[in-house]
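Participant: This is the structure I have questions about; it appears just below.
The values are calculated or read from the model by the stated rules, or taken from the named source; none is laboratory data. This is a predicted model, so every value here is computed, not measured. Cβ coordinates were reconstructed from backbone atoms using ideal geometry, including for glycine residues, and neighbour counts include every protein chain displayed. Surface accessibility is based on the protein's heavy atoms, side chains included, excluding ligands, DNA and RNA. Shrake-Rupley method; radii C 1.70, N 1.55, O 1.52, S 1.80 Å.
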Amino acid sequence: MLTVKLKESLHKLIDRIDDEELLNAYLKIIEKGLSSSIDPIAGYTTKGEPITKSTLVKRVRSASARVKSGTFTDQEDLEKESENW
């Protein structure tokens, strides 16, 4: 189906819905779909929370800047620190 026809079909269906809860559910689905296409999920944290592409890029740039400036913990220091955990 062409995009125009799909949109027309969706408009007609939405116009027939009177249930506010159902409309809110569809709204959330559509908003989530739009936001994920603009800034897609690139991965997940160790807690299972999504990380978007833009957030991941910011984190990588920040980590790269820290390494270039010498602001990081090397392997030896990390091993010493982990002995106290």
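Participant: Restricting attention to region 35-59, which residues are at pLDDT below 90, not in a strand (DSSP E or B) and not charged (D, E, K, R)?
Facilitator: Listed by number, the residues that qualify are Ser35, Ser36, Ser37, Ile38, Pro40.
Participant: Right, another one. Pairs needed: first member in region 2-18, free of Cβ contacts under 8 Å to residues at least 12 places away in the same chain; second member anywhere, of a type outside the set (Ser, Thr, Tyr) and surrounded by 10 or more Cβ atoms within 10 Å (Cβ to Cβ); C-beta distance under 8 Å; at least 6 residues apart or different chains.
Facilitator: Correct list of pairs: Ile17/Leu23.
Participant: Let me ask something additional. Within region 31-76, can you find the residues that are open to solvent by 100 Å² or more (accessible area, probe 1.4 Å) and in contact with a helix residue (DSSP H, G or I) (Cβ under 6 Å, 6 or more places away or on another chain)?
Facilitator: Phe72
Participant: Find the residue count for region 60-74, including only residues that are farther than 24 Å from Gly43 by Cβ and in a helix (DSSP H, G or I).
Facilitator: Number satisfying all stated conditions: 1.
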